[in-house]
1. Scan the range 130-150 for residues that are under 30 Å from A11 (Cβ atoms), in contact with a Lys or Arg (Cβ under 8 Å, 6 or more places away or on another chain), buried (at least 17 other Cβ atoms within 10 Å of the Cβ) and not β-branched (V, I, T) and jot them down.
2. So, of the residues in the range 37-49 that are crowded, with 23+ Cβ neighbours inside 10 Å and either without any contact (Cβ under 8 Å) to a residue 24 or more places away in the chain or touching a Phe, Trp or Tyr at 6+ places or on another chain (Cβ under 8 Å) (or both), which turns out to be nearest to S86 (Cα to Cα)?
3. If I ask for residues that are surrounded by 13 or more Cβ atoms within 10 Å (Cβ to Cβ) and part of a helix (DSSP H, G or I), which ones from the range 58-67 would you list?
4. Looking at L93, L80, L167, which one is touching a Ser or Thr at 6+ places or on another chain (Cβ under 7 Å), open to solvent by less than 50 Å² (accessible area, probe 1.4 Å) and either farther than 30 Å from Q29 by Cα or at pLDDT 95 or above (or both)?
5. Which one of these does R108 not meet: (1) open to solvent by 20 Å² or more (accessible area, probe 1.4 Å); (2) under 30 Å from N72 (Cα atoms)?
6. Being closer than 29 Å to F75 by Cα and not in a strand (DSSP E or B) is the filter; apply it to the range 170-190 and report the residue that is modelled with the lowest pLDDT.
7. Since T24 meets every condition but one in (1) within 15 Å of the chain's Cα centre (by Cα); (2) in a strand (DSSP E or B), which condition does it not meet?
8. Scan (1) in contact with a helix residue (DSSP H, G or I) (Cβ under 7 Å, 6 or more places away or on another chain); (2) open to solvent by 30 Å² or more (accessible area, probe 1.4 Å); (3) within 15 Å of L92 (Cα to Cα) for the single condition E153 breaks and write down its number.
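The values are calculated or read from the model by the stated rules, or taken from the named source; none is laboratory data. Nothing here was measured: the structure is a model prediction, and the numbers come from that model. Cβ: placed from backbone, ideal geometry, glycine included. Neighbour counts: every protein chain shown. Areas reflect the complete protein model, heavy atoms only, side chains present, ligands, DNA and RNA absent. Shrake-Rupley method; radii C 1.70, N 1.55, O 1.52, S 1.80 Å.
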Amino acid sequence: MGSLIADILDAAAHGHFPPPDGGTTVVPQPSHRDAGVIAFTAHSVVFTDEDPEWVRRTLASLDCDGLAATMNPRFLGALLDRTGRSMDTIDLLTVASPLAGAPPLKLRELVDSEHPREARARKRRDDVRVWAADGGVVVLGRGVAGRWETAIEVDEGRRHQGLGCALATAARHLVPDGQPVWAQQAAGNARSVRAFQAAGFRPVGAEALMLDA
């Protein structure tokens, strides 16, 4: 992936995290599209092309616990205003290792589909591919710093039947090149969090992804 944030993500995927020293690391964006904040345990990483000194001054000015500063709404709002970007929410960032063999779920790949989940993914990821199951879809694509990311969607009538876990597990079989696969879940979406954790995705931090306007 070839960037400082890519190296940090690769290390985290293998269980090696920044030191829990209360610090903040500021690194350049890996691309024009990708900017944001990842909060690991007692250490945050801000990936932005903005002045690192501005980032540090703004964090220091906040009246909050220093460990929470990078995810404080005032800091995120200031960074959004300065960059002219937008964001949806703060996500739980999770990762899982790949699994060998075919997914234990009947899937068919969708080509040039108009599924809303695919359209949303193409705004945030490259090399997007989508597979459909009976009652849901699983999406793979390259997101922040080229990492493989997945997202799933389960039809309302198929909820509470284990399909979300099965789709998230399928992503671990579908990811190419033996790479880890990442997924974000909104912290309030307990159903999604449970599905991904049941599929073997482990939490590594919180992420605020800032989208180019």
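1. Those that are under 30 Å from A11 (Cβ atoms), in contact with a Lys or Arg (Cβ under 8 Å, 6 or more places away or on another chain), buried (at least 17 other Cβ atoms within 10 Å of the Cβ) and not β-branched (V, I, T): W131, L140, G141, G143, W148, E149.
2. Filtering the range 37-49 for residues that are crowded, with 23+ Cβ neighbours inside 10 Å and either without any contact (Cβ under 8 Å) to a residue 24 or more places away in the chain or touching a Phe, Trp or Tyr at 6+ places or on another chain (Cβ under 8 Å) (or both), the one nearest to S86 (Cα to Cα) comes out as V37.
3. The initial filter retains those residues of the range 58-67 that are surrounded by 13 or more Cβ atoms within 10 Å (Cβ to Cβ), namely 58-59, 62, 64, 66-67.
If the condition is that a residue be surrounded by 13 or more Cβ atoms within 10 Å (Cβ to Cβ) and part of a helix (DSSP H, G or I), then T58, L59, G66, L67 are the ones that fit.
4. L80
5. So the condition that R108 fails would be (2).
6. Step by step, filter the range 170-190, then rank; the result is A187.
7. (1)
8. Just one mismatch for E153, condition (3).
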